[in-house]
Amino acid sequence: MRTGYATDHRGLAWLHRSLAEEQAAHGLVFNPLRDAFQRDPERVYAELRHRSPVHRSRLLDCWVVTRYADIARVLREHTLFRSSPDTTTQDLVDPYVTLDPGRPSLFMLDPPDHTRLRGAVREAFAPEALRQLTPRLEDCVREVVTALGRPGDRVDLVAGFATVLPLRVLDLLTGLDLHTVPGVTGWVDRIVSGLEPIATVRTAEQALAAYRELGACLDERLAAPAREGTLHRSLTRDVEAGRLSDAEARQLLMFLVLAGTRTVSDFLAGAARELAALPPGAPQRRCVDSALVDDLIARTSPVQIVARTAAAATAVGGRNISAGDRLLLVLASANRDPDRTGRELAFGGGIHRCVGARLARLEGRAALSCLLATFPGMRPVEAVPARRCVTLRGWDRVIVHL
Ligand code: HEM
């Protein structure tokens, strides 16, 4: 089991050497620390797809896979490409693993544990459960959108809309009322920063501190009686029936908070920015339908990358992969691959495909429709992308005139 984030032996000289070696070996480097990458990752991924689609990154100590066909295959073959990072030979393991080594979250587990734990939350995201949730979700959306201001006001859609709504919607589902705790969004932000492959030891330490604070807050909420019709209640029943341990139920809820808030915030911010930039009469501004939401999710790809570890020696895209090698699958690149042959991969694929995909789509459609119906003249002012993001791609600010 990995317990640390091994960067001690690294430094500037090592960084330059790694990049030079990578350049010499492949004729190009994947350097997510460069400003050019941060400004325009799509251009970098297009070049990788074309020139080095299964690319050995010395810097990140893993393979960067960018073509749709290779990524779809790796996601499908879950017995060969495992989620658990414990067996990887990679030096820089996602620091997320170190947050709670004894209790990995759903997407870092393999069957049979993965199957059992996923089964415990599946019902809450099924079509019937979401149908019942919809009226309350729409009320919640209306409240948040009308609180933004009046037509013509200058507002930041990240602070007032995109980061507010997902936690409130998640609360409807879980019954935890975390949106009333001021620190939660900041804790989630710090924890997910630790997910970045370019996270530093300091980022990882901050992630750990935030993880503990969020955990303490969650424990307080879990100690209160669970309301009927919530995920808190159904997981409590599973624990009483011996289907789950207390720790597993807690970890599932913790992970839903982490997986179901920043992702949706990033999506709402990116999608609102794109829609605000369209001319006022554009048909997409008048009707945000499911197809448009799917298209916006694929284009913005809020989760840009997922990771897997090869359980045995194999080949991907003609490159030899050793057992224990870590692969970063760039979903954002797969979604823009001109040779894409199947459905978009913004929600991943295979057994780990996002459990909250239906909820995210429903929420996205309700939120963006309400925003544009309430403020049909919305105009963009300024959008500032979040810096140092490789895994999750979001926005610091999306300023508009309503
Ligand atoms: C636009 C918003 C979202 C995007 C782009 C997104 C994307 C993803 C991706 C790519 C994965 C696969 C991870 C992997 O293969 O390693 C995933 C897994 C997951 N997502 Fe989402 N997600 C979103 C919203 C949500 C929401 C709203 C929830 C719940 C409230 C959620 C809960 C989960 C869970 C529990 C998993 C793990 C599934 C498993 O391992 O079986 N996600 N998501």
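Some observations on this one:
- All alpha carbon pair distances within the range 24-68 were sorted into 10 Å bins beginning at 0; the resulting P(r) in whole percents reads 29, 61, 10.
- Amide H contacts under 5 Å for D396: V384, A386, restricted to partners 5 or more places along the chain or on a different chain, H placed in the peptide plane at 1.01 Å from N.
- Karplus-derived HN-Hα couplings along the range 324-338 (A = 6.51, B = -1.76, C = 1.60, θ = phi - 60°), whole Hz, x at Gly and Pro: x, 5, 9, 10, 9, 9, 8, 4, 4, 6, 4, 5, 10, 5, x
- Summarised as an ellipsoid, the chain has semi-axes of 33, 27, 20 Å, derived from the eigenvalues of the Cα gyration tensor scaled by 5 and square-rooted, with the largest first.
- For the range 14-25, 3J(HN,Hα) computed residue by residue from phi via the Karplus equation (6.51, -1.76, 1.60; θ = phi - 60°) reads 4, 4, 5, 5, 4, 5, 5, 5, 5, 4, 5, 6 Hz, glycine and proline entered as x.
- Cα gyration tensor shape for the range 109-230, rounded if a/c is under 1.5, else prolate or oblate: oblate
- A simple charge model with +1 on the Cβ of Lys and Arg, -1 on the Cβ of Asp and Glu and nothing else charged puts the dipole of the range 106-223 at about 160 debye relative to its Cα centre.
- Mean separation of Cα contacts under 8 Å, 6 or more apart, over the residue count of the chain: relative contact order %: 25
- Net charge dipole, the chain: roughly 740 debye, given to the nearest 20, about the Cα centre with Cβ charges of +1 for Lys and Arg and -1 for Asp and Glu.
- A dipole drawn for the range 53-401 from +1 and -1 charges on Cβ atoms has a positive end, and of L244, V257, L165 the residue lying farthest that way is L165.
- Difference of contour (0.36 nm per residue) and Cα-Cα distance, L28 to T200: 59.5 nm
- The longest part of the chain holding none of the exposed loop GluC sites (Glu not before Pro), meaning those outside H, G, I, E and B in DSSP with at most 16 other Cβ atoms within 10 Å, is 229-402.
Laboratory data are not the source of any read-out in this text; all were calculated from the coordinates shown. Note that this is a predicted model, so its numbers are computed, not measured. Cβ sites come from the backbone with ideal geometry, for glycine too, and all protein chains shown count toward neighbours.
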